[in-house]
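Peer 1: Please see the structure below; I have some questions.
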Amino acid sequence: MNFSKKLPKISLASTMKESMKNLGDLKSLFLACALLLSGCVTATKPVPVDAVTFFSSSSNDTVTAIEVAKDIASILPDLSKYPRFPQTTVDSIGVTHKTGIIATAIGEKVIIEYRTYYWSRSGSSMTEAVTSSLCELAILPDKDAPGKFSITSSSVSEKPGFLLLHIPLKPFATSDQIAADIARSLSLLGPKLEALIMARDERNAKLKLIVNNRLAAENFVQDQARLQRKKILDEAVNFRTTMKIGVETNCGPIVDIKSDMVKVYFPVKNYGTEQWIRRDEIFPPSAPCRFVDGKYQLP
């Protein structure tokens, strides 16, 4: 009895063909997933902003372009129709999204960035991707009109971000939407910017008044001190012409007079009770008397 069984023949060529077909199907599946995850990626071509130039005037020419840039950076997030950064959401599989607008003053320019964060946690590791739409505002003083500044915007350009396996991240908004939002925000910026500039001018004026008042007070004190000093010197000149033994000076009573020197009774530790002072350095009792290391100090 023949128990052998006829087995089908398997060729190497057919095996490789089947494997390539499977790999092709896997590649197609991967590409489909990538397209599904990435969504619609906007073009990276710069998109111009409609409102490109306008003027902001201040009440005087004390405000600098750098100060205007800081004001614009603080106002723009509130004017945009998009929320202030960051607005955070977490989906059911632990992916964190942060979206919003940041406006940063860098010198006399403002960089406007519409940003999307994507954080994906897998165990102890984390994948992060960021995509941004960028626009730059240049703030330049008007040479012909002190206190006025022109604000000029650049085109909106996109800075793409990528997820794991280099899958592109869907941006927060398309470049043309961002350009429209910037144009709208710039159209609303004028009154708010002017209000901030006026408020700064008022603060500067108040600070200037405080400084001027302080300087005036200091000058008054110095003037009074000079007048008092002159009065003491004038009194001393008359006093020195009428001095005699027993008369009270700024350093006590006179006990002896010799030519241009006057001896007074004024105890000084380690230097005795009587001290010699030059006649032209003695003062009436209204002036102070002080010795340092036994040496008389002019008041």
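Peer 1: For the stretch 174-217, what does the alpha-carbon gyration tensor say about shape, rounded, prolate or oblate, given a ≥ b ≥ c as the root eigenvalues, a/c under 1.5 as rounded, and a/b over b/c as prolate?
Peer 2: prolate
Peer 1: I've got another one for you. Considering only protein heavy atoms and a 1.4 Å probe, what is the carbon-and-sulfur percentage of the accessible area of the stretch 158-299?
Peer 2: Values: 5320 of 9090 Å².
Carbon with sulfur: 58 percent of the solvent-accessible area.
Peer 1: Report, in listed order, any pair from Lys109/Lys159; Lys230/Lys295; Lys109/Lys143 with a Cα-Cα distance greater than 22 Å.
Peer 2: Values: Lys109/Lys159 19 Å; Lys230/Lys295 24 Å; Lys109/Lys143 18 Å.
In this structure, Lys230/Lys295 lie more than 22 Å apart at Cα.
Peer 1: A further question on this structure: By the gyration tensor of its Cα atoms, with a ≥ b ≥ c the square roots of the eigenvalues, what is the shape of the stretch 181-260: rounded for a/c under 1.5, prolate for a/b over b/c, or oblate? Walk me through the intermediate numbers first.
Peer 2: On the way: a/c = 9.13, a/b = 7.59, b/c = 1.20.
It is prolate, given that a/c is not under 1.5 and a/b is the larger ratio.
Peer 1: Further, regarding this structure: How much area per residue is accessible in the stretch 149-299 when the probe is 1.4 Å and only protein heavy atoms are counted (Å²)? Let's see the in-between values first.
Peer 2: Values: 9330 Å² over 151 residues.
Value for the stretch 149-299: 62 Å² per residue.
Peer 1: Another one. Please work out the FRET efficiency for the pair Val130 and Arg229, using the Cβ-Cβ distance as r and a Förster radius of 45 Å; give the result to the nearest 0.05. Each step should come with its number before you reach the end.
Peer 2: Working: r = 70 Å, r/R0 = 1.55.
Efficiency, from the Cβ-Cβ distance: 0.05.
Peer 1: Using per-residue counts of other Cβ atoms within 10 Å, averaged over each peptide, order 148-158, 268-278, 207-217 from highest down. Please list the in-between numbers first.
Peer 2: Working: 148-158: 19.4, 268-278: 13.0, 207-217: 10.1.
Ranking, from highest mean packing down: 148-158, 268-278, 207-217.
Peer 1: So how do Thr99, Thr249 rank on accessible area, 1.4 Å probe, biggest first, that is with the largest at the start? Can you show the working numbers first?
Peer 2: Working: Thr99 30, Thr249 5 Å².
Descending accessible area places them as Thr99, Thr249.
Peer 1: I'd like the FRET efficiency for Lys159 and Leu215, computed as 1/(1 + (r/R0)^6) with the beta carbon distance as r and R0 of 45 Å, rounded to 0.05. Walk me through the intermediate numbers first.
Peer 2: Working: r = 52 Å, r/R0 = 1.14.
For Lys159 and Leu215, the calculated efficiency is 0.30.
Peer 1: I'd like to compare 281-288, 111-118, 173-180: which one has the highest average count of other Cβ atoms within 10 Å, and what's the full order after that?
Peer 2: Per-residue mean Cβ counts within 10 Å order the peptides as 111-118, 173-180, 281-288.
The values are calculated or read from the model by the stated rules, or taken from the named source; none is laboratory data. Source: prediction; values computed, not measured. Reconstructed Cβ throughout: ideal geometry from the backbone, glycine too, with neighbour counts over all protein chains shown. Just so you know, the surface numbers come from the protein's heavy atoms only, side chains and all, with ligands and any DNA or RNA stripped out. Shrake-Rupley method; radii C 1.70, N 1.55, O 1.52, S 1.80 Å.
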